[in-house]
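I have placed the structure first, in the form of structure tokens, so that the comments after it can refer back to it.
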Amino acid sequence: MNRVVITGMGVYSSIGKTLEEVKESLYNGKSGIIYDTPRKEFGFRSPLTGFVERPKLKGLLHRRQRVGMGAPAEFGYMATAQALEMAKMDPDFMDKHNVGILYGNDSTAEAVTLAVDIVREKRDTMLIGSGAIFQGMNSTVTMNLSVIFKLKGVNFTIAGACASGSHSIGMGYLLIKNGLQEHVVCGGAQEINPYAMGSFDALSAFSVNFDDATKASRPFDKDRDGLVPSGGGATVILESLESAKKRGANIIAEVLGYGFSSNGNHMTVPDVDGPVRALEMSLQQANVKASEIDYINAHATSTPVGDGNEAIAIDKVFGERKPYVSSTKSMTGHECWMAGASEVVYSLLMMQNSFVAPNINFENPDEHSAKLNIAAKTVDANIDMFLSNSFGFGGTNSSLIIKKFKE
């Protein structure tokens, strides 16, 4: 079995467009959530969102490359370009190696909606445009990036709801661990627009506490009233240890374990048993004890039931040790298909810079969160090993364990 390491990472999110910007936001507890008036005008109950600016790709990519890219592919490109540069994987490297890509993306709403609107209005499919099909497919990120970066290895999209980004890293880890790939680009992307989020709003899943947008996302807090949608793109480069050492790559960390499960219960309401099984499987796969985890980046989205059940699950598995826990969604909002990948990047930045990012807006614990060691403020602390949770609709669960690299 191969050891699997991380040699590059990149992020494009509501709290920063570069790793340095994101690190500063994490350390300072800076929120990326805004009041978006057009959402209210569009018919949303909640006008809140994490703000992510669309990148300007003209000058970076030629028109033929851009035409098939919607927001998820654009966000994914920005994050992946950063990650590949860090990993020192240039076009010559891509030409000589079978680098693969696995990316999390579970829907692409805007491109599909706009294409249908054109046909309804004009009664002519020829007016949709040649790039619409590539923008509208769930595999838009992997198909665009595989062509742009000339990737020759595994190439498909992971659709696992809000655990998609995490599952992409887990599957990349398994492919490399078992010798089927040496290098895989893994990540997640989420578009930010009303078309993508209306159905969530209809479920009353969003916070309506918008007197101060930056205080609306309140994971684990007793007064939380729903999540805030967000998005962007995040990428990590996974590689076999043998390959990384052979080419002299800078090794950021090592992926030790990947736990997964299905609740097999309710479509939208999470339970406790499924997350517990994923947590325990990740520890078993990593061959580590619960007491060795220094920090948990919780899935906690700021929903009453979801946060409560996750707190119960964490306490059940880690109650004796009580590692630091925080949900970076308190700052970013819920980045959906991207979240499982971005939260690994956020945690890696904490690991590199020896701090635990705060769970901002955590003021009043409830009966379950009171049992956890939640970092309400930034904590200067060494993180040798962390765990990142991601759970999604349909009861899909993913837990990843990542450690500082040691020979």
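Checking Ala370, Ala381 one by one, the residue that is without any contact (Cβ under 8 Å) to a residue 40 or more places away in the chain, assigned by TED's automatic domain parsing to the domain that holds Ala339 and hydrophobic (A, V, I, L, M, F, W, C) is Ala370 and no other. Would you tally the residues in the stretch 263-308 being hydroxyl-bearing (Ser, Thr, Tyr) and modelled with pLDDT under 95? Matching residues across the stretch 263-308 total 1.
Within the stretch 208-237, the set of residues being outside any strand (DSSP E or B) and among the β-branched types (Val, Ile, Thr) comprises Val208, Thr214, Val228. The set of residues in the stretch 184-196 that are more than 18 Å from Gly340 (Cβ to Cβ) and outside any loop (DSSP other than H, G, I, E, B) comprises Pro194, Tyr195. Considering only residues that are touching a Phe, Trp or Tyr at 6+ places or on another chain (Cβ under 8 Å) and in a loop (DSSP other than H, G, I, E, B), look in the stretch 372-392 and name the one that is surrounded by the fewest Cβ atoms within 10 Å (Cβ to Cβ). Per the stated criteria, the residue is Ala381. Can you say whether Lys40 is farther than 15 Å from Lys329 by Cα, at pLDDT below 95, of a type in the set (D, E, K, R) and surrounded by fewer than 20 Cβ atoms within 10 Å (Cβ to Cβ), as far as the supplied structure shows? Against the criterion (farther than 15 Å from Lys329 by Cα, at pLDDT below 95, of a type in the set (D, E, K, R) and surrounded by fewer than 20 Cβ atoms within 10 Å (Cβ to Cβ)), Lys40 qualifies. Quick one: in the stretch 197-207, which of the residues that are in a loop (DSSP other than H, G, I, E, B) and at pLDDT below 95 is surrounded by the most Cβ atoms within 10 Å (Cβ to Cβ)? In this case the residue turns out to be Ala205. For the stretch 117-144, which residues satisfy the criterion of being β-branched (Val, Ile, Thr) and over 13 Å from Thr157 (Cα atoms)? Passing the criteria: Ile118, Val119, Thr125, Ile128, Ile133.
Of all positions in the stretch 51-59, at least one carries a residue that is in a loop (DSSP other than H, G, I, E, B), free of Cβ contacts under 8 Å to residues at least 24 places away in the same chain and of a type in the set (D, E, K, R). So Phe93 ticks every box in (1) at pLDDT 95 or above; (2) closer than 20 Å to Thr157 by Cα; (3) assigned to a helix (DSSP H, G or I); (4) not hydroxyl-bearing (Ser, Thr, Tyr) but one. Which box is left unticked? Only one criterion in (1) at pLDDT 95 or above; (2) closer than 20 Å to Thr157 by Cα; (3) assigned to a helix (DSSP H, G or I); (4) not hydroxyl-bearing (Ser, Thr, Tyr) is unmet by Phe93, namely (2).
Which of the residues spanning the stretch 94-115 are free of Cβ contacts under 8 Å to residues at least 60 places away in the same chain and farther than 24 Å from Ser164 by Cβ? Passing the criteria: Met94, Asp95, Lys96.
The values are calculated or read from the model by the stated rules, or taken from the named source; none is laboratory data. Just so you know, these numbers come straight off a predicted model, no measurement behind them. Every residue, glycine as well, gets a Cβ built from its backbone with ideal geometry; the counts of neighbours run over all protein chains shown.
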